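What follows is a single structure, written as structure tokens, with notes after it.
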Amino acid sequence: MGIPKGGIAFFDSGIGGLTVLSSYEQYIIDVARAHKDVPLYYYGDNKRAPYGNLSEERIRRNVKRAFRVFCRLKVCAVVLACNTVTAVCAEELREKYSFPIIGAEPAVLPAAKHGGKIVILATNATCASKRFHSLCETARKKFPRTDIKIYPCEGLAGEIEAHIQDAEYDYSQFLPLGSPDSVVLGCTHYVYIKDKIQRHYGCDVYDGNEGIAHRILTVFEESCQKNRDGRPPTEKKCSKKGETTTFHPRKGEEKPTKAKANKRSYKNAKTGVKCTKNNQKVPVFFLGRCRKINQNTYKQMFGVKIFSKN
Ligand code: DGL
């Protein structure tokens, strides 16, 4: 089957971004049905995962390879469904490419507004990045009564990737000791074990997937329109305008207000349970050398219809 062009590409080092893809699918099924037909691509770089321990230079090189594929597909937007890639190179990618690039940001601010002790779990590369530090600084300034601790979970993403089929696997040795008031998941791989982390600490656990889904919808439509007008994505500076587009509902389509969207429950998608509703499906095309791994994982974890290149 040929791959249709002009869709939205989701990119991660491996299986972590599937949780973002699934949240987005759920979101468009629930909130914005008119967008159901926009093809979705998933590119997971599992063979080179985990990225969290790689140098910034190696991460950039891997990302570049994936973006060549996205350019050939004339994508209307790319979702960096990976906190590590976002932390290391989101800004430079936005400088370089004309299509919108949506990043994965740890949900530090939503957690910090409730105060108390917060532990942020993330990869080494994310924890070491300037972008992540400035996010934590912003949260500390805005919510001074919040005590934010950062914990680099060395090896956890790789462990999740390796044991995804084993529901009983114990990850507690990778988690820091303590009794926080809330935990923020700063890596999309960790969303698979959100329930386990919740049980381990007995507190609220935040991930950024719902926020990403909402953000995708607000930026991609204008970009799709540009592609239909025959403006292929190029390696040139993205116009500011393209990054701040708002959602334009099609005829008969209700505009999803923020409040309404936030009311939706993405519990199933976040915890890795089948997330289709009323048997509605969204086409997903898996790309790259590791597409079979991601395709199978997606099928097993989220039970949605899959399209593949071959
Ligand atoms: N899923 C990734 C993230 O959100 C990357 C994990 C890794 O490859 O180390 O950070």
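Checking 3, 28 one by one, the residue that is part of a helix (DSSP H, G or I), more than 13 Å from the chain's Cα centre (by Cα) and either within 11 Å of the ligand (Cβ to nearest atom) or modelled with pLDDT under 95 (or both) is 28 and no other. Of all residues in segment 73-89 being away from the ligand (no atom under 15 Å from the Cβ) and not aliphatic (A, V, I, L, M), which is surrounded by the most Cβ atoms within 10 Å (Cβ to Cβ)? Going through the qualifying residues, I end up with 76. Taking the listed residues 132, 70, 174, the one that is under 24 Å from residue 45 (Cβ atoms), aromatic (Phe, Trp, Tyr), surrounded by fewer than 24 Cβ atoms within 10 Å (Cβ to Cβ) and within 14 Å of the ligand (Cβ to nearest atom) is 174, with no other qualifying. Each residue in segment 54-103 was checked for being within 20 Å of residue 3 (Cα to Cα) and in contact with a strand residue (DSSP E or B) (Cβ under 9 Å, 6 or more places away or on another chain), and 11 of them qualify.
The values are calculated or read from the model by the stated rules, or taken from the named source; none is laboratory data. Being a predicted model, the structure only gives us computed values, none of them experimental. Quick reminder, even Gly has a Cβ in these numbers, built from the backbone with ideal geometry, and neighbours come from all protein chains shown.
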